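Here is the structure we will look at.
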Amino acid sequence: MSGPTIHRLDEATVAQIAAGEVITRPARVVAELLDNALDAGASAIEVAVDGDGTDRIQVSDDGCGLSRTDAERAIERHATSKLTDTDRELTRISTLGFRGEALAAIADCARVELATNDGSAVGTKLVVADGEVQVSNAGRPQGTTVTVTDLFKNRPARRESLAGQAAEFGRISELVARYALARPDTRFRLVHNGNETLSISGNGFQDALLGVYDAETASRATTIYHQTDLDGHPLTVSGICCYPSVTRSTREHVRVSVGGRPVTDTGLRRAVIAGYGSLLAGSKYPIAAIDVDPPAGTVDPNVHPAKQEVGLTAREAIESAVETAISEALTTADIRRTSEAATDLGTPLETVDRSDPFAGVRVIGPYRDLYLLCEDGNELLVVDQHAAHERVNFERLRSTLAETGVPTAQLDPPETISVSPAAAAAAESHPELLADLGFDVAPFGGGTLRVAGLPAPLGRVAEVDLLRETLDQLAAGDKPTDHREDLLADMACHPSLKAGDRLTHAEAETLLDRLGECEQPFACPHGRPTVCSLDESTLAAGFERGSTRFR
Ligand code: ADP
Ligand code: MG
């Protein structure tokens, strides 16, 4: 089998390449080795780290491997299989590496052992230490294992600048998490001092989230897929985002990658957060991972020495696509969850213990696909179909919640807020009422409260300010407004019929039936009317007729 053919880049190409020190800490070694494993087409990658990483870092993959000649060339500076002199357009590069300097740079400051097999009968083992290279045979299946030991042994200043075992391994762990979320089809395993700390099966985004977080977090997330057009070429945004009820207090849990390359990109991260709009509680940040795949030629991977940032020529369009992708995914997820309770007009509501106000009403037909005109004795009824459907959905959601209770979104970590003495006293004397409303709050002394949970009916988290308002109402002796209703009203709006949705005659009749079963059929949940009526006598007056009847 023939592996990739490695050659040295010419001076002109080398001069183009963003220069800078590549290996600054153990996590950088891991990043470069992961890049190489992924570029080799690996489907499973294992990273093993001892101590802070200077003791040992080993990355094994089941990728294409290297022939003996290529293995020897691989460790030379500016030797790469990924960029040819005739194809120097870095913006068209689809691999993570392209500079041909990582292995050389690692070998400069550590002992490197490379065992590889490209599918031949015998593999190759290369040991590079103190500028000397030893080559021997290695028995191993196809793939490559790179073992780096004695990192920075000859660089005491570098070694000094490291942050200790926990911090350095923390960086490595976060790095592997970022790669796993950027490459959800690859299997990743991370072992520290012999113990497995991360295991990801490579079965998609949900699975990656499960590995990086836990089952609970993964179950409260929705996948993202959004494609749009960028000057005639497709721009794809894919990934996964947790419901707004799952939050963290830093933005580090929003991870972005471009074409499968994890990057630090403030703009893209901001776009993800913007996609959540006002759904996030106070100063909370979401958990999300997105991969943006812009058309070839629009990404410059060569703007940062460690390749942690990329240049995007269509940044504005890309950020706006990301924001749309997130908000669409969350709306779809909302609809999916609310639709379990709502939107199906076929099932009657349960609260039918009084006469139907619309009995005997005859549907005439739609007007501007916005209103339903109906005849009710000597009145002409005009029904706003969106408002009517909202009312129906709202009452369904409300009765579902009455059965299951108001879910509370746990704040992790809890927030401490200071309130007026009166509000603090109100919190102390009404713990059950607050719990009923979905608040998890406890007095913390000195006029402060510890807020561990906020009401989140169907994944919508309320703001902390809602708690202040509620406490003020309690302190004033008022029955607190049930804010669940406001949240529910917004929820009911999402899956409701929109202006321009054409209803068949039968659907229009069903909508009217369901509206008739509501407790409050004449107002939408936001308080606007659902039905207006026009008396026949008004028409008669308009037509200057003395009587309402034709004779
Ligand atoms: P670059 O990735 O920029 O090409 P590197 O120094 O990281 O430069 O690697 C040099 C070459 O060695 C790569 O172009 C590739 O051909 C080969 N190589 C490195 N690691 C692996 C691996 N894990 N599997 C297969 N080939 C590899
Ligand atoms: Mg590389």
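The values are calculated or read from the model by the stated rules, or taken from the named source; none is laboratory data. Note that this is a predicted model, so its numbers are computed, not measured. For neighbour counting, all protein chains shown are included, and Cβ atoms are generated from backbone atoms with ideal geometry for every residue, glycine included.
Miscellaneous remarks
- Looking only at residues of region 22-47 that are away from ligand 1 (no atom under 15 Å from the Cβ) and outside any helix (DSSP H, G or I), we find that the one that is farthest from Asp185 (Cα to Cα) is Thr24.
- Within region 277-294, the set of residues being closer than 19 Å to Ile224 by Cβ and in a loop (DSSP other than H, G, I, E, B) comprises Leu280, Ile287, Pro294.
- Residues satisfying the stated conditions in region 48-74, i.e. near ligand 1 (Cβ under 7 Å from one of its atoms) and outside any strand (DSSP E or B): Gly63, Cys64, Gly65, Leu66, Asp70, Ala74
- Selection within region 111-124 - more than 38 Å from the chain's Cα centre (by Cα) and among the small types (Gly, Ala, Ser): Gly119, Ser120, Ala121, Gly123
- Unique match (being free of Cβ contacts under 8 Å to residues at least 40 places away in the same chain, more than 27 Å from Gly194 (Cβ to Cβ) and out of contact with any helix residue (DSSP H, G or I) (no Cβ under 9 Å at 6 or more places or on another chain)) among Ala138, Ala166, Ala157: Ala157
- Residues being part of a strand (DSSP E or B) and either touching a residue at least 60 places away in the same chain (Cβ under 8 Å) or of a type in the set (Ser, Thr, Tyr) (or both) - total across region 178-229: 15
Here is a yes/no grid of residues against (1) at pLDDT 95 or above; (2) closer than 21 Å to Asn137 by Cα; (3) out of contact with any Gly (no Cβ under 7 Å at 6 or more places or on another chain):
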site: Glu11; (1), (2), (3): no, no, yes
site: Ala19; (1), (2), (3): no, no, yes
site: Gly41; (1), (2), (3): yes, no, no
site: Asp50; (1), (2), (3): yes, no, yes
site: Gly65; (1), (2), (3): yes, yes, no
site: Glu72; (1), (2), (3): no, yes, yes
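- Qualifying residue in region 75-88 (condition: more than 16 Å from ligand 2 (Cβ to nearest atom), at pLDDT 95 or above and more than 30 Å from Gln165 (Cβ to Cβ)): no
- Residue within region 288-308 that is surrounded by fewer than 22 Cβ atoms within 10 Å (Cβ to Cβ) and without any contact (Cβ under 8 Å) to a residue 40 or more places away in the chain present: no
- For region 75-86, residues that are surrounded by fewer than 22 Cβ atoms within 10 Å (Cβ to Cβ) and either more than 13 Å from ligand 1 (Cβ to nearest atom) or part of a strand (DSSP E or B) (or both) total 4.
- Residue match in region 100-118 (condition: assigned to a loop (DSSP other than H, G, I, E, B), in contact with a His (Cβ under 7 Å, 6 or more places away or on another chain), of a type outside the set (Lys, Arg) and within 24 Å of His78 (Cα to Cα)): yes
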